[in-house]
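**Student:** First the structure, which I've put down as structure tokens, then a few questions once you've had a look.
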Amino acid sequence: MNAHKLIDGKAAAARVLLQVREDVARLHGQAIQPALAVILVGNDPASQVYVRNKILRAEEVGIRSVEHRLPSDTSTEQLLILIGQLNADPAIHGILLQLPLPAQMDELRALEAIAPDKDVDGFHSQNVGGLSQGRAVLTPCTPSGCLYLLEHTCGDLRGKHAVVIGRSNIVGKPMAALLLKADCSVTVLHSRSHDAQALCRQADIVIAAVGRARLIDASWLKPGAVVIDVGINRIDDDGRSRLVGDVDFDSALPHVAAITPVPGGVGPMTIAFLMKNTVAAAQAQHHALRSQSEAVCHSIY
Ligand SMILES: NC(=O)C1=CN([C@@H]2O[C@H](COP(=O)(O)OP(=O)(O)OC[C@H]3O[C@@H](n4cnc5c(N)ncnc54)[C@H](OP(=O)(O)O)[C@@H]3O)[C@@H](O)[C@H]2O)C=CC1
Ligand SMILES: Nc1nc(=O)c2c([nH]1)NC[C@@H]1CN(c3ccc(C(=O)N[C@@H](CCC(=O)O)C(=O)O)cc3)C=[N+]21
């Protein structure tokens with residue numbers, strides 16, 4: 001009955017991937033084979049599932065993928081060596097370092113070691129800074145996917161009040177930067193916020209990226225709000241394990257104008273935008289290479 005309120009992330013991701021497939025075919029025509037390297041350290045079961053999904057999706061659109069699995073006792077130095085090799089390999093266009101890393105590793109140092117033009121997650125400080133300045137740089141996949149869903153649900157975002165719950169470097173902060181770039185008024189809430197619920201109730205748009213199962217129910221939402229649920233939480237439901245978001249979907253649904261489900265909402269969009277970023281990286285690297293060789297030709301003749 002409320003089906004019209006569902007924001008279908010699977011269908012939107014399929015549309016994005018169709019475009020990516022066309023772009024890949026065009027690159028194949030220029031003898032360019034876009035390629036993504038995925039690094040997985042340790043054997044966290046959830047990370048293994050995500051990595052497998054990313055590799056399957058890459059194959060479907062014609063992107064070559066190379067998986068590098070490292071044991072959980074790998075040192076940061078050993079990881080930096082692999083990243084250095086991938087940075088130097090002209091046949092690799094994108095590098096994804098699956099997070100979280102085992103506790104002994106220096107995550108920030110590893111992310112900073114990835115060449116910014118191969119940083120398809122958009123986590124390198126150069127890309128983070130570029131996004132904050134509003135420049136066209138490689139941008140984190142989950143927030144890009146959320147923005148796409150919002151633009152296709154709300155149309156014009158200008159002047160809308162968006163509340164982002166969560167301030168991680170992966171989701172909350174880049175999400176806030178993208179919404180600001182789209183001319184929203186942005187409030188970012190976190191675990192130290194006073195009366196987060198009352199602030200959230202003022203929002204036209206809510207982005208929940210907290211990591212707490214079903215924290216946000218109808219009492220957090222203004223009637224008619226648009227809700228994007230980034231949360232992926234595995235819970236035990238009468239002895240069966242299942243995925244739920246950060247939003248209490250059943251409580252929120254009668255209240256909202258539109259909402260993403262979990263699964264089938266933001267998750268598929270994250271993977272679609274990873275593919276889009278990989279193709280953009282491949283295009284940019286070949287463009288840069290061509291400009292370089294043209295410059296060399298100019299200096300010779
Ligand atoms: N669908 C997808 O593609 C993706 C889904 N995810 C999912 O999104 C969720 C968030 O991920 P991520 O950003 O990495 O998580 P983090 O744990 O890094 O960040 C969670 C944020 O939520 C804040 N927070 C915690 N409790 C509360 C509270 N009660 N009220 C308000 N804010 C609170 C924290 O505040 P503080 O900073 O003060 O600690 C923090 O900023 C997870 O469920 C994750 O699995 C993540 C990436 C991609
Ligand atoms: N460097 C890095 N980049 C990331 O983008 C990154 C990461 N590390 N670490 C973990 C988080 C999480 N994340 C998800 C991606 C897809 C789904 C997804 O496709 N979810 C499906 C369900 C999948 C299932 O059934 O388990 C859905 O929501 O429909 C979920 C979560 C990316 N992350």
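The values are calculated or read from the model by the stated rules, or taken from the named source; none is laboratory data. Values in this document were obtained by computation on a predicted structure and should not be read as measured data. Positions of Cβ are generated from backbone atoms using ideal geometry, with glycine treated the same way; all protein chains shown enter the neighbour counts.
**Student:** Select the strands (runs of 3 or more DSSP E) contained entirely in the range 216-258, then report the ones holding at least 1 residues which are surrounded by fewer than 21 Cβ atoms within 10 Å (Cβ to Cβ) and within 21 Å of the chain's Cα centre (by Cα).
**Tutor:** Answer list for the range 216-258: 233-237, 240-244.
**Student:** With respect to residue 176, determine if the residue is surrounded by fewer than 18 Cβ atoms within 10 Å (Cβ to Cβ) and either more than 19 Å from the chain's Cα centre (by Cα) or at pLDDT 95 or above (or both).
**Tutor:** So residue 176 does not fit the description; no.
**Student:** Here's another thing I want to ask about it. What are the pairs, 6+ residues apart or on separate chains, where a residue within the range 108-132 that is touching a residue at least 12 places away in the same chain (Cβ under 8 Å) has its Cβ under 7 Å from a residue that is charged (D, E, K, R) and part of a helix (DSSP H, G or I)?
**Tutor:** What qualifies is 124/112; 125/112.
**Student:** Can you name the number of the only condition in (1) within 14 Å of ligand 1 (Cβ to nearest atom); (2) at pLDDT below 95; (3) polar (S, T, N, Q) that residue 241 fails?
**Tutor:** Only one criterion in (1) within 14 Å of ligand 1 (Cβ to nearest atom); (2) at pLDDT below 95; (3) polar (S, T, N, Q) is unmet by residue 241, namely (1).
**Student:** I would also like to ask the following. Of all residues in the range 179-215, which are crowded, with 17+ Cβ neighbours inside 10 Å and within 16 Å of ligand 2 (Cβ to nearest atom)?
**Tutor:** Across the range 179-215, the qualifying residues are 207, 208, 209, 210, 213, 214.
**Student:** If you don't mind, there's one more thing I want to ask. Of all residues in the range 138-182, which are assigned to a strand (DSSP E or B) and of a type in the set (Gly, Ala, Ser)?
**Tutor:** Across the range 138-182, the qualifying residue is only 162.
**Student:** Return the pairs, sorted by first residue and then second, in which the second residue is of a type in the set (Phe, Trp, Tyr), the first residue lies in the range 229-253 and is under 21 Å from residue 143 (Cα atoms), the beta carbons are less than 8 Å apart, and the residues are 6+ apart or on different chains.
**Tutor:** Every condition considered, the pairs that remain are 229/249.
**Student:** If you don't mind, another one. Within the range 202-214, can you find the residues that are closer than 16 Å to residue 188 by Cα and either more than 23 Å from the chain's Cα centre (by Cα) or not in a strand (DSSP E or B) (or both)?
**Tutor:** 202, 203, 204, 209, 210, 211
**Student:** Further question on the same structure: Return the total of residues in the range 143-158 being closer than 18 Å to residue 19 by Cα and under 15 Å from the mean Cα position of the chain (by Cα).
**Tutor:** Going through the range 143-158 one residue at a time, the tally reaches 6.
**Student:** Can you spot a residue in the range 283-296 that is more than 14 Å from ligand 1 (Cβ to nearest atom) and outside any helix (DSSP H, G or I)?
**Tutor:** No, that holds for no residue.
**Student:** Let me ask another. Given the condition more than 27 Å from residue 268 (Cβ to Cβ) and basic (Lys, Arg), answer yes or no: does some residue in the range 68-76 qualify?
**Tutor:** No: zero hits.
**Student:** Could you name every one of the helices (runs of 4 or more DSSP H) located completely within the range 13-116 that has at least 2 residues being among the small types (Gly, Ala, Ser) and surrounded by fewer than 16 Cβ atoms within 10 Å (Cβ to Cβ)?
**Tutor:** It comes to 76-88.
**Student:** Can you tell me which residues in the range 15-54 are within 16 Å of ligand 1 (Cβ to nearest atom) and free of Cβ contacts under 8 Å to residues at least 60 places away in the same chain?
**Tutor:** Within the range 15-54, 40, 44, 45, 47, 48, 49, 50, 51, 52 qualify.
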